[in-house]
Amino acid sequence: MKSIKALLTAVLLLVCLGAQSQSKIKPQTVYIFGFAASYTDSVAFLTDVMKVDSATILPNGFLAGRALYSLQLENHVTADKKVMDPTTAIFFSTSLSAARKKYEKINTRYQRSTDLALIYVGEDEFRFTSEAYIPDEAFRDTPQKSQK
């Protein structure tokens, strides 16, 4: 009997903690920069570290909509720089110093590279904009009643 009570208490605790973690998702400031490379063109692009005010960090530490931020950079490089099929990546942190540290690591790595020409993209020509957070529950299928 005691083990059943302990098991039920543990399950209830897990359900409550799961509900609390969903409520902790709120917009916050992040510092983000992007890297785009065209390996067929031997050129790479590195953006400045930018402050994005209304970004969402999930409880697991991931940036919500990170593929959309990467797509923003891809669209800019494709449209404005006329580079076809760039490979893009974004890097972020909630701390400016941590973002700058990541930036310097990437910058140093590609400055040394003789295979790629590194081009800097300033905030005056490209700026990341915050992406709206859409919870996963919005995409789940709802059971549909059979029509007879």
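Exactly which chymotrypsin sites (Phe, Trp or Tyr not before Pro) in the range 31-85 are in a DSSP loop and have at most 11 other Cβ atoms within 10 Å?
Details: sites: Y31, F33, F35, Y39, F45, F62, Y69; in loops: Y39, F62.
Qualifying residues, ordered by number: F62.
Between Rg and the Kirkwood Rh of the range 24-126, both from Cα atoms, what is the Rg to Rh ratio? Walk me through the intermediate numbers first.
On the way: Rg = 13.9 Å, Rh = 14.1 Å.
Here the Rg-to-Rh quotient is 0.98.
Restricting to lysine pairs 8 or more places apart or on different chains, what number in the range 24-126 have Cα atoms under 28 Å apart?
Going through the range 24-126 pair by pair, I get 16.
FYI, it's all coordinate maths here, none of it is from the lab. Being a predicted model, the structure only gives us computed values, none of them experimental. FYI the Cβ positions are ideal-geometry reconstructions off the backbone, even for glycines, and counts take in every protein chain you see.
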